[in-house]
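To start, the structure itself, in C-alpha cells.
Values in this text are rule-based calculations from the coordinates and carry no lab data. For clarity, every value in this text was computed on a predicted model and none was experimentally measured. Positions of Cβ are backbone-derived with ideal geometry, glycine not excepted, and every protein chain shown enters the neighbour counts.
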Amino acid sequence: MARQFSAQASSELETIIADFPNKKSALLMVLRLAEREFGFLDDSAMELVARSCDVSPAHVLGMVTFYTHFKRPYHGKHRFMVCATLMCSIGGPHGKTDDALQVLKEKLGLAPGERSEDGLFSVEKVECLADCNQPPVMQKDNEHKVRMGKEELSRYVDDLLKKEGLSAGHYSGKPVVRMDPNVPHISVKQSVPAH
Ligand code: FES
C-alpha cells in the first residue's frame with residue numbers, strides 16, 4: 001500500500017520545502033520527516049519522499065544507502081552502531097571497538113550485521129562517528145556515546161533490556177537474523193526519536 005503523510009506531517013513537509021530554494025534541496029530533511037513518521041524508510045516511504053521532492057526513487061535510494069544512519073526496515077528497534085574506524089579500533093583507556101562488540105555479543109548474542117530474531121536489537125560496525133579522541137564511540141539509535149567502557153556498556157544494555165521487560169540473560173543461545181536489505185523485516189513497533 002502506498003504510504004501517505006499524516007495531516008501534521010504534510011504541514012511539516014510544506015514548512016520544510018518552503019525553507020529551501022527547490023524541493024530537491026530539501027531531500028535530506030524530508031527523509032528525516034518520513035523516517036520519523038513511519039519509523040523507518042522502506043520502499044514505499046522512499047517513493048513518497050521521491051514524489052514530495054520531485055526526484056526519482058533511484059535518487060532517493062542513493063541518498064538513503066549513502067548515509068548509513070537512516071533507519072531501514074531490517075534494522076532492530078534498537079540499533080547499536082559501533083565505530084570501527086582506525087582510532088576507535090586502536091582504542092584508549094576506556095577500551096576499543098572490539099571491547100564494545102564483545103559486550104554486545106555477550107549481552108545480546110549479536111555480531112555486527114545481525115539482528116535479534118524478535119526484531120528488538122541489531123548491531124552494526126560503522127565508519128567514523130566524528131569523536132575520534134574519545135574511543136570507543138558508538139550510537140544507540142540517536143544517542144551518541146563516547147568513552148563507554150565494558151562495564152558501563154554492560155550496565156547500559158542491562159537497563160535497556162529491563163526497559164523492554166527482558167532479563168539480562170534473555171538472548172543467551174537465541175537464534176539471530178542476518179540483516180539484509182532483501183530479507184523482509186518482522187513486525188515490531190518501531191520508533192525513531194525526534195532529531
Ligand atoms: S575513529 Fe571512531 S569516532 Fe572517529
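Could you check segment 33-53 and list, in sequence order, the residues that are charged (D, E, K, R), outside any loop (DSSP other than H, G, I, E, B) and either surrounded by fewer than 19 Cβ atoms within 10 Å (Cβ to Cβ) or without any contact (Cβ under 8 Å) to a residue 40 or more places away in the chain (or both)? Steps first, answer last, please.
Looking only at segment 33-53, we keep the residues that are charged (D, E, K, R), and these are 35-37, 42-43, 47, 51.
Those left that are additionally outside any loop (DSSP other than H, G, I, E, B): 35-37, 43, 47, 51.
Scanning segment 33-53 gives R36, E37, D43, E47, R51.
From the list S11, S6, S56, exactly one residue is surrounded by fewer than 16 Cβ atoms within 10 Å (Cβ to Cβ), hydroxyl-bearing (S, T, Y) and in contact (Cβ under 8 Å) with a residue 24 or more places away in the chain. Which is it?
Values: S11 fails: in contact (Cβ under 8 Å) with a residue 24 or more places away in the chain; S56 fails: in contact (Cβ under 8 Å) with a residue 24 or more places away in the chain.
Result of the check over S11, S6, S56: S6.
Just checking, does segment 89-98 include any residue being in contact (Cβ under 8 Å) with a residue 60 or more places away in the chain, touching a helix residue (DSSP H, G or I) at 6+ places or on another chain (Cβ under 6 Å) and within 19 Å of E143 (Cα to Cα)?
Looking only at segment 89-98, we keep the residues that are in contact (Cβ under 8 Å) with a residue 60 or more places away in the chain, and these are none.
No, because not a single residue in segment 89-98 is in contact (Cβ under 8 Å) with a residue 60 or more places away in the chain, touching a helix residue (DSSP H, G or I) at 6+ places or on another chain (Cβ under 6 Å) and within 19 Å of E143 (Cα to Cα).
One line per residue, one yes/no per condition, for (1) over 15 Å from L41 (Cβ atoms); (2) touching a Pro at 6+ places or on another chain (Cβ under 8 Å); (3) of a type outside the set (D, E):
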position	(1), (2), (3)
H59	no, no, yes
H78	yes, no, yes
G91	yes, yes, yes
H94	yes, yes, yes
G109	yes, no, yes
D131	yes, no, no
Q139	yes, no, yes
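Restricting to segment 156-171, give me the number of residues that are part of a helix (DSSP H, G or I) and exposed (fewer than 13 other Cβ atoms within 10 Å of the Cβ). First the steps, then the outcome.
First, pick out the residues of segment 156-171 that are part of a helix (DSSP H, G or I): 156-163.
Those left that are additionally exposed (fewer than 13 other Cβ atoms within 10 Å of the Cβ): 159, 162-163.
Residues flagged as part of a helix (DSSP H, G or I) and exposed (fewer than 13 other Cβ atoms within 10 Å of the Cβ) within segment 156-171 amount to 3.
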